[in-house]
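Reading through the C-alpha coordinates given below for one structure.
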(Lines give C-alpha, C1' and ligand atoms only; values in the text may rest on other atoms or scores of the structure.)
Protein backbone atom coordinates (compact mmCIF):
# COMPACT_ATOMS: atom_id res chain seq x y z
CA UNK A 1 0.00 0.00 0.00
CA UNK A 2 2.82 2.48 0.62
CA UNK A 3 3.98 1.92 -2.95
CA UNK A 4 0.57 2.97 -4.16
CA UNK A 5 0.76 6.25 -2.26
CA UNK A 6 4.31 6.84 -3.46
CA UNK A 7 3.18 6.20 -7.03
CA UNK A 8 0.26 8.62 -6.73
CA UNK A 9 2.53 11.26 -5.20
CA UNK A 10 5.12 10.83 -7.95
CA UNK A 11 2.46 11.12 -10.67
CA UNK A 12 1.09 14.27 -9.07
CA UNK A 13 4.53 15.86 -8.68
CA UNK A 14 5.54 14.90 -12.22
CA UNK A 15 2.29 16.23 -13.66
CA UNK A 16 2.74 19.54 -11.81
CA UNK A 17 6.43 19.57 -12.88
CA UNK A 18 7.77 20.09 -9.38
CA UNK A 19 11.55 20.18 -8.86
CA UNK A 20 13.70 17.40 -10.27
CA UNK A 21 10.66 15.29 -11.06
CA UNK A 22 9.84 17.60 -13.97
CA UNK A 23 12.66 15.99 -15.98
CA UNK A 24 12.11 12.44 -14.75
CA UNK A 25 10.86 9.90 -17.27
CA UNK A 26 7.25 8.77 -16.95
CA UNK A 27 8.51 5.18 -16.86
CA UNK A 28 10.20 5.86 -13.51
CA UNK A 29 7.18 7.73 -12.21
CA UNK A 30 4.74 4.95 -13.09
CA UNK A 31 6.96 2.06 -11.96
CA UNK A 32 5.65 2.00 -8.32
CA UNK A 33 2.11 1.71 -9.68
CA UNK A 34 3.16 -1.15 -11.94
CA UNK A 35 4.72 -2.94 -8.97
CA UNK A 36 1.47 -2.46 -7.02
CA UNK A 37 -0.52 -3.92 -9.89
CA UNK A 38 1.73 -6.98 -10.06
CA UNK A 39 1.57 -7.38 -6.28
CA UNK A 40 -2.22 -7.20 -5.97
CA UNK A 41 -3.12 -9.08 -9.14
CA UNK A 42 -0.43 -11.77 -9.28
CA UNK A 43 1.55 -12.28 -6.08
CA UNK A 44 -1.41 -12.23 -3.69
CA UNK A 45 -3.10 -14.98 -5.68
CA UNK A 46 0.11 -17.02 -5.98
CA UNK A 47 0.76 -16.93 -2.23
CA UNK A 48 -2.91 -17.33 -1.27
CA UNK A 49 -3.20 -14.03 0.58
CA UNK A 50 -6.57 -13.30 -1.00
CA UNK A 51 -7.97 -16.56 0.42
CA UNK A 52 -6.67 -15.68 3.86
CA UNK A 53 -8.58 -12.40 3.77
CA UNK A 54 -11.78 -14.22 2.84
CA UNK A 55 -11.22 -16.76 5.62
CA UNK A 56 -10.58 -13.97 8.12
CA UNK A 57 -13.81 -12.24 7.11
CA UNK A 58 -15.76 -15.50 7.50
CA UNK A 59 -14.18 -16.11 10.91
CA UNK A 60 -15.11 -12.59 12.01
CA UNK A 61 -18.71 -13.12 10.86
CA UNK A 62 -18.95 -16.40 12.81
CA UNK A 63 -17.47 -14.71 15.88
CA UNK A 64 -20.09 -11.95 15.74
CA UNK A 65 -22.86 -14.53 15.35
CA UNK A 66 -21.59 -16.41 18.44
CA UNK A 67 -21.47 -13.21 20.48
CA UNK A 68 -24.99 -12.24 19.41
CA UNK A 69 -26.25 -15.73 20.29
CA UNK A 70 -24.57 -15.56 23.69
CA UNK A 71 -25.79 -12.02 24.47
CA UNK A 72 -29.12 -11.45 22.70
CA UNK A 73 -30.22 -7.89 22.15
CA UNK A 74 -33.19 -6.80 24.18
CA UNK A 75 -36.03 -5.10 22.34
CA UNK A 76 -36.32 -1.39 23.17
CA UNK A 77 -39.13 -0.49 25.56
CA UNK A 78 -42.04 1.46 24.15
CA UNK A 79 -43.95 3.94 26.27
Just checking, which of 45, 63, 52 is part of a helix (DSSP H, G or I) and either exposed (fewer than 11 other Cβ atoms within 10 Å of the Cβ) or in contact (Cβ under 8 Å) with a residue 40 or more places away in the chain (or both)?
63
Taking segment 1-13 as the region of interest, how many residues are within 26 Å of residue 43 (Cβ to Cβ) and surrounded by 13 or more Cβ atoms within 10 Å (Cβ to Cβ)?
8
Evaluation of residue 33 against (1) out of contact with any helix residue (DSSP H, G or I) (no Cβ under 6 Å at 6 or more places or on another chain); (2) at pLDDT 85 or above; (3) part of a helix (DSSP H, G or I) (one fails), failing number
(1)
Quick check, is residue 5 assigned to a helix (DSSP H, G or I) and within 14 Å of the chain's Cα centre (by Cα)?
yes
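The values are calculated or read from the model by the stated rules, or taken from the named source; none is laboratory data. Since we're looking at a predicted model, the values are computed, not measured. Here Cβ is always computed from backbone atoms with ideal geometry, including for glycine, and neighbour counts include all displayed protein chains.
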